[in-house]
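Please read the structure below before turning to the comments.
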Amino acid sequence: MSIRAKALRYLRNERVRVVSAATPAGELRPHEVTAYVQGHAERHTVRFAAGVWSCTCLNGGCGYVASVQLVTGWQGAASLLPDRPPA
Ligand SMILES: [Zn+2]
């Protein structure tokens, strides 16, 4: 299963919960994010800070990070289109 398919599945199954997102004035996406994503066995914490995404699953390019990127406007492994501003 592709990372995009995994990320969309987490979103579709309501496994993604953004608990904090800070967006600087005039920006269109947050520069600081904390989110929880419920995996099969455990809940993972996804964070975005200082331009770096991290996840407690410790896997590079995981579907948890990708799902949070999709709902916060950041280009990532699950992105379908080149980066563009919201319509
Ligand atoms: Zn992860």
Return yes when A25 is modelled with pLDDT under 95, part of a loop (DSSP other than H, G, I, E, B), over 14 Å from the mean Cα position of the chain (by Cα) and exposed (fewer than 12 other Cβ atoms within 10 Å of the Cβ) and no when it is not.
no
Just to be sure before I move on: is A78 within 10 Å of the chain's Cα centre (by Cα), away from the ligand (no atom under 12 Å from the Cβ) and among the small types (G, A, S) in the structure I sent?
yes
Residues being under 12 Å from E32 (Cβ atoms) and within 9 Å of the chain's Cα centre (by Cα) - total across the stretch 47-67
3
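The values are calculated or read from the model by the stated rules, or taken from the named source; none is laboratory data. What you see is a predicted model, and the numbers here were worked out from it, not measured in a lab. Cβ coordinates were reconstructed from backbone atoms using ideal geometry, including for glycine residues, and neighbour counts include every protein chain displayed.
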